[in-house]
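A.B. asks: Handing you a structure now.
The values are calculated or read from the model by the stated rules, or taken from the named source; none is laboratory data. Since we're looking at a predicted model, the values are computed, not measured. Reconstructed Cβ throughout: ideal geometry from the backbone, glycine too, with neighbour counts over all protein chains shown. Accessible surface areas use protein heavy atoms only, side chains included; no ligands, DNA or RNA. Shrake-Rupley method; radii C 1.70, N 1.55, O 1.52, S 1.80 Å.
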Amino acid sequence: MITLFSFCNIPWWLTWLLPFLLGLALGYLLWARYKSIVEDLEQQINTLNLNIKELETNLETCKNARTTLDGDLALLRGKLRESELALSEVLATKTKGSTNIAAAASLAATVKPSVEDAWFAAIGSTTLQIIEGIGPKMQEVLNDNGIYSFGEISAKTPVELRAILDKYGDKYRIIDPNTWPQQARLANDKDWKALIQLQKSLDTGRSDIDPKHETDSKLEKWLIRKGLLRAWKTDDLKAMEGIGPKIEGLLHAAGIKTWRALADTPVEKIQEILDAAGANFSLADPASWPQQADLAANGKWDQLNALQDYLVAGREKK
């Protein structure tokens, strides 16, 4: 017997189920396709965000590099003016014969621009980041509000500076601008020593700290980093022009371990120590070492720097 298939024999619910299953399958395929597209787009967005962050980092690096180069350029200009002044002074006061070390130091103090002017040539009037409490971002904030120089900060009151910071909500609430005008006034007046001393009594610009607790000076660290200020630990004999690690070791072995001890040691005694160490130290000239050490022991760094500018390996420049 042959059984014929008839659509009439199909249950009614099956005629509804088949289109539903086909639609479900088609929907799944479309969903899978668009999910893949969304995932690709999200991956592209993540990649772009990473690129943006990298570009922002590079931009910040470029800004810092530009700031550094501006400082170096100002320093070079200052050195150029210094050289021109020294040359004109030497030509005007040229003397016959050689001068002794003391005269060289005196000449250095005469022809060399003051430390205050030399530092100002490197710092300029717009390097606001030497002020305790002001970093790169804070300098941008001040610039955005029309404040670019030390003079402009010193003209503001702490209340006015606080109002500028409050414009950014709670973002800068922890920042304390109370000492900024005072610091800026000292910088604008080139009173660098007073500024360094003030900053040592501050903590990131805040003045509400233990007065007995001395902190590092931001300006001092900036000057050291730029090579404008020599940093020596107390009684480091290598602070003397002409003394390196090996000679320092010889002096320590001979019981000369402090600046004062070196200042009180006759040149002849130092020469005996060098001679006993062999021919490797025959080129060392200790003639100026006690004088340098005496200046260091008495904290006369300006005079020591002026003297050392006229020395090469401890000897007077020819």
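A.B. asks: Within the stretch 161-190, restricting attention to residues that are in a loop (DSSP other than H, G, I, E, B) and hydroxyl-bearing (S, T, Y), which residue is farthest from S149 (Cα to Cα)?
C.D. replies: Out of the qualifying residues, it is Y168.
A.B. asks: Which count do you get for residues in the stretch 37-63 that are open to solvent by less than 80 Å² (accessible area, probe 1.4 Å) and of a type outside the set (S, T, N, Q)?
C.D. replies: 3
A.B. asks: Let me ask another. When you scan the stretch 31-38, do you find a residue that is at pLDDT below 85, out of contact with any Lys or Arg (no Cβ under 6 Å at 6 or more places or on another chain) and assigned to a loop (DSSP other than H, G, I, E, B), even just one?
C.D. replies: The answer is no; no qualifying residue exists.
A.B. asks: While we're looking at this one, here's another question. Looking at this structure, is L107 at pLDDT 90 or above, of a type outside the set (F, W, Y) and assigned to a helix (DSSP H, G or I)?
C.D. replies: The answer is no for L107.
A.B. asks: If I ask for residues that are touching a residue at least 12 places away in the same chain (Cβ under 8 Å), farther than 19 Å from Q197 by Cα and surrounded by fewer than 20 Cβ atoms within 10 Å (Cβ to Cβ), which ones from the stretch 123-142 would you list?
C.D. replies: Residues satisfying the conditions are G124, S125, T126, P136, M138, V141.
A.B. asks: Out of everything in the stretch 143-157 that is of a type in the set (G, A, S) and open to solvent by less than 70 Å² (accessible area, probe 1.4 Å), what residue ends up being farthest from P181 (Cα to Cα)?
C.D. replies: For the stretch 143-157, the residue satisfying everything is G146.
A.B. asks: With respect to K221, is the statement that it is in a loop (DSSP other than H, G, I, E, B) and under 29 Å from A118 (Cβ atoms) true?
C.D. replies: Judged against the criteria, K221 is not a match.
A.B. asks: Something else about it: Taking the stretch 268-283, which residues are open to solvent by less than 50 Å² (accessible area, probe 1.4 Å) and at negative phi?
C.D. replies: Scanning the stretch 268-283 gives I270, I273, L274, A277, F281.
A.B. asks: So, one more: Take the conditions in a helix (DSSP H, G or I) and at pLDDT below 90 and apply them to A306. Does it pass?
C.D. replies: So A306 passes the test.
Yes/no matrix, rows are residues, columns are (1) under 28 Å from G227 (Cβ atoms); (2) of a type in the set (A, V, I, L, M):
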{"site": "D117", "(1), (2)": "yes, no"}
{"site": "S125", "(1), (2)": "yes, no"}
{"site": "Q129", "(1), (2)": "yes, no"}
{"site": "E132", "(1), (2)": "yes, no"}
{"site": "D144", "(1), (2)": "no, no"}
{"site": "L161", "(1), (2)": "no, yes"}
{"site": "D166", "(1), (2)": "no, no"}
{"site": "A184", "(1), (2)": "yes, yes"}
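A.B. asks: Now for a different question. Mind listing whichever residues of the stretch 141-160 are part of a helix (DSSP H, G or I) and among the aliphatic types (A, V, I, L, M)?
C.D. replies: Listed by number, the residues that qualify are V141, L142, I153, V159.
A.B. asks: Of all residues being in a loop (DSSP other than H, G, I, E, B), modelled with pLDDT under 90 and out of contact with any strand residue (DSSP E or B) (no Cβ under 6 Å at 6 or more places or on another chain) in the stretch 236-273, which is farthest from D302 (Cα to Cα)? Just the residue, please.
C.D. replies: G244
A.B. asks: Within the stretch 158-188, how many residues are surrounded by fewer than 17 Cβ atoms within 10 Å (Cβ to Cβ) and of a type in the set (A, V, I, L, M, F, W, C)?
C.D. replies: Residues that pass the stated criteria total 3.
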